[in-house]
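Report on the following structure.
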Amino acid sequence: MLSLPTPDLSHLTHEDYERVYEPAANKEDTFILLDALEADVEELLEAKPRICLEIGSGSGCVSTFAAKILGPSECLYLCTDINKHAARCTHLTGRQNNVTLDPVLSSLSDAFNQRFRKCGGVDLLIFNPPYVPTADEEALNAQGDADIAGAWAGGKLGMEITNQVLNNDILSHSGRFYLVAVKQNDVPSIQERMNIEQGMPPLRHHYSDRIFLDSLPLRIRPHAADEVLDVLHLSQPFDKHLTA
Amino acid sequence: MVRLITHNLLSCHVKGCTRNNFPLRFQDVKVELREAEFNAEFLRNFVPRIEWKALVDAGKELGDTSLPEELPEMLGDEFLKKLHHVLLEIHVEEGAMVCPNCGHVYKIMSGIPNMLLTESEI
Ligand SMILES: C[S@@+](CC[C@H](N)C(=O)[O-])C[C@H]1O[C@@H](n2cnc3c(N)ncnc32)[C@H](O)[C@@H]1O
Ligand SMILES: [Zn+2]
């Protein structure tokens, strides 16, 4: 397997990371997503996604990586975030790494949903959501403030934001969805909901390195100790790779 | 930046605004041209996902009249080169996109379109 370097983020400053989620080794989530994409690179290249959407792109690290492995001109890389600094950083990170990302300030995929329904939808959907369980109000405020707290505050079971994406049927019929989840999100129930509500087959593979996030600074994510990260890889039915 | 490929996928999503809410009209734009790598296969694959008239009209709004009113049946290289330019190389850096139905203004600042709505608009 080809091993690609993680994107160059040297242009982002300490100040940027006070406002935008930092891909950091001690948090792991950003990198587990890169690993999952890299592990599937051959299948993804074969599937030839033409519309990639990363919800909550933050620094832009993951979409940049996707563009690097799939080819900058092979796909449209849409990136949304509610945080304007994140959209700006996403833009810059694409540029720094010679790929074009198209950042849009939007909650989830709201501004695209109507057209996605008509044009077949998203071929590659990526979401490292605010997944930390918090009080609902805390999540609501973080969404409203659209600042760094919006990167982690996930409300009940850490699922308030992710649930909205799961309810939105925006995947194309051969679409794939990479979603970061932690144990507290109740991974089996996410899987089950995807199966039941959208006709998805059982998880094709369960990417998990059982990484524990217990070294998180409490200041940033107070409930984050003892998390287990999973990248769920959900594919639509009739995917020829399903039996693999 | 807002490229026309992205513009072609955006609609107004103000609560209750569900008809005639696409395409958004450009207003007071500042445009930059930036070269992109030509990829004929990508373009051929992407064509079915484009709302053609919206793209042609948006191109015109930005001063580019190179696209035919009707999507040609044969997607030859000459046509694809024009499509490539309109879809991927015109970047709207500043200005706004306005909903043709409700008039909501979505600003574009430093190349980033702000599609966020306030709580009362959702
Ligand atoms: C855990 S961070 C992930 C950032 C980046 N994708 C990464 O993996 O490093 C979650 C991101 O989602 C964004 N976010 C939170 N709520 C959102 C919403 N409703 N719509 C879009 N983005 C959202 C946050 O601003 C933050 O950038
Ligand atoms: Zn409207």
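In terms of distances greater than 26 angstrom between alpha carbons, the cross-link table entries A:K48/B:K15; A:K84/A:K183; A:K27/A:K156 yield A:K48/B:K15; A:K84/A:K183.
With the biggest extent put first, the Cα atoms of region A:53-176 measure 42, 33, 21 Å across the principal axes.
Note on surface exposure: A:S172, B:S110 rank B:S110, A:S172 by accessible area, highest first, 1.4 Å probe.
Between B:T18 and B:R44, full extension at 0.36 nm per residue minus the direct alpha carbon distance yields a gain of 6.4 nm. How many nm separate the modelled label positions at B:E94 and A:T13, each set 7 Å beyond the Cα in the direction of the Cβ? Calculated label separation equals 2.2 nm. Placing a label point 7 Å from the Cα of B:K81 along the Cα-to-Cβ direction, the residues of region B:31-64 whose backbone N falls under 15 Å of that point are B:36-40.
By the rule of a C-alpha distance below 17 Å, with chain neighbours fewer than 8 residues away ignored, the aspartates and glutamates paired with A:K68 are A:D8, A:D35, A:E38, A:D40, A:E42, A:E43, A:E46, A:E54, A:D102, A:D123, B:E37. Near the amide H of B:R3, within less than 5 Å, lie the amide hydrogens of B:V92, all on another chain or at least 5 residues away, with H placed in the peptide plane. For region B:65-122, the direction-averaged projected area of the alpha-carbon convex hull comes to 5.9 nm². Here the Karplus curve 6.51 cos²θ - 1.76 cosθ + 1.60, taken at θ = phi - 60°, turns the phi angles of region A:144-154 into couplings of x, 6, 6, 10, 4, 5, x, 6, 10, 5, x Hz, with x standing for Gly and Pro.
Overall, the ratio between the Cα radius of gyration of chain B and 2.2 N^0.38 Å, rounded to two decimals, is 1.08.
The values are calculated or read from the model by the stated rules, or taken from the named source; none is laboratory data. All values derive from a computational prediction rather than experimental measurement. Every residue, glycine as well, gets a Cβ built from its backbone with ideal geometry; the counts of neighbours run over all protein chains shown. These accessible areas exclude ligands, DNA and RNA; they are computed on the full protein's heavy atoms, side chains included. Shrake-Rupley method; radii C 1.70, N 1.55, O 1.52, S 1.80 Å.
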